Amino acid sequence: MSRGDCVAMEPRAVGVSKQDIREQIWDHMESQNLADFPRPVHHRIPNFKGSYLACQNIKDLDVFARTQEVKVDPDKPLEGVRLLALQSKKTLLVPTPRLRTGLFNKITPPPGATKDILRKCATSQGVRNCSVPIGLDSRVLVDLVVVGSVAVSEKGWRIGKGEGYADLEYAMMVSMGAVSNETPVVTIVHDCQVVDIPEELLEEHDITVDYILTPTRVIATDCKRPQPMGITWSKISRKMMEKIPVLRSLRAREQQAGKDVTLQGERQHLPEPGRQQAVPLSAGRRPLDTPGPEANSMEATVGSPPGEGAPLAADVYVGNLPRDARVSDLKRALRELGSVPLRLTWQGPRRRAFLHYPDSAAAQQAVSCLQGLRLGTDTLRVALARQQRDK
């Protein structure tokens, strides 16, 4: 199918939305039988016919030849790029599906892998079976980002399937220091997915692309629009925080660095005049990645918290502790999330603990950060102590 066959379906209507464009692309690809399995393509990054040929075009890009570490989305039409990266002995990073278990997996083929084995490693099954997780503390420096798209314009504007994972992954990489505004971004699509996209549809968190590869074209967009500078926390919901544990860790780090990490729907707590804003770390606490004795991070008391009859607004209740849990287990988890209280009251036999923060704002931030926290197989109950008492 030629580029000219697609001109008639390019969205030009006044007031067109991103979803309008997605639906036009999906409907067109289905009606013209332009996609392979899985079908229908609606609500997916389309696995278009000719995707392998389009992927081969990346070999003509100097940015691919120079790269040592490449991040490629797990979408089916990008399988050919993942294979080329492995064949070229580049470090291949693939985001974990829906970011459920972390941010990246590093694909590690077995020694002496044949082309057939590498081909299997490049599939979604290979991502699951031939990879190791990469933590936030890993020194990752991505040279090239390859993303899937539903639609893209020759100016570099991109539309995904609407769930926002590619944009969020990029923002998380910025927060990790893994990419910069100079890191090239490539997308690979069918010719009919290259359409006009009104610039007014672009949002602050949307990534743009530098190169578009199709079965017939290599397009350099010369896009000058800056990439997102990091995670826009005001766009992140509590529900998303619960689904994506790595987000909680990144939020704790950015909170520790003094950044505004107010979530969608939350009220930003501003410091009172003449009062230093609370940070959920005890005085003299070293950075999270600096080892040190537990006694330097928080003080633990045993028994009832001061004023248990009327818990303070700065107290956080932690319940449903495992029966065999130790105070050191909880301390370790709090340090990893960057939500260390001034003091901790441990009531292990009653399967609960109380965390004491400097003020109500710090306590509320801790409750948000610790939602979904697990010790062993048990998910802990976390709430402001006053709220828990009122139940």
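Every number in this text was worked out from the coordinates using simple rules, so none of it is lab data. As the structure is a prediction and not an experimental result, all values here were calculated from the model. Every residue, glycine among them, receives a Cβ derived from its backbone with ideal geometry; neighbour counts consider all protein chains shown.
What the table shows:
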| quantity | calculated |
| --- | --- |
| Complete set of residues in the range 180-194 that are in contact (Cβ under 8 Å) with a residue 60 or more places away in the chain, surrounded by fewer than 23 Cβ atoms within 10 Å (Cβ to Cβ) and either touching a His at 6+ places or on another chain (Cβ under 7 Å) or assigned to a loop (DSSP other than H, G, I, E, B) (or both) | Pro184 |
| Residue selected from the range 149-174 under the condition farther than 21 Å from Thr67 by Cα and in contact with a Leu (Cβ under 8 Å, 6 or more places away or on another chain), by the criterion surrounded by the fewest Cβ atoms within 10 Å (Cβ to Cβ) | Tyr165 |
| Given (1) in a helix (DSSP H, G or I); (2) under 18 Å from the mean Cα position of the chain (by Cα), number of the condition Pro133 does not satisfy | (1) |
| Candidate set: the range 130-148, residues that are farther than 30 Å from Ser17 by Cβ and not hydrophobic (A, V, I, L, M, F, W, C); chosen: the one surrounded by the most Cβ atoms within 10 Å (Cβ to Cβ) | Ser131 |
| Residue satisfying all of: in the range 220-263; buried (at least 20 other Cβ atoms within 10 Å of the Cβ) and of a type in the set (Val, Ile, Thr); farthest from Ala54 (Cα to Cα) among these | Val261 |
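A quick yes/no check of all residues on (1) surrounded by 15 or more Cβ atoms within 10 Å (Cβ to Cβ); (2) in contact (Cβ under 8 Å) with a residue 24 or more places away in the chain; (3) of a type in the set (Phe, Trp, Tyr):
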site: Gln19; (1), (2), (3): no, yes, no
site: Ser31; (1), (2), (3): no, no, no
site: His43; (1), (2), (3): no, yes, no
site: Gly50; (1), (2), (3): yes, yes, no
site: Asp62; (1), (2), (3): no, no, no
site: Pro77; (1), (2), (3): yes, yes, no
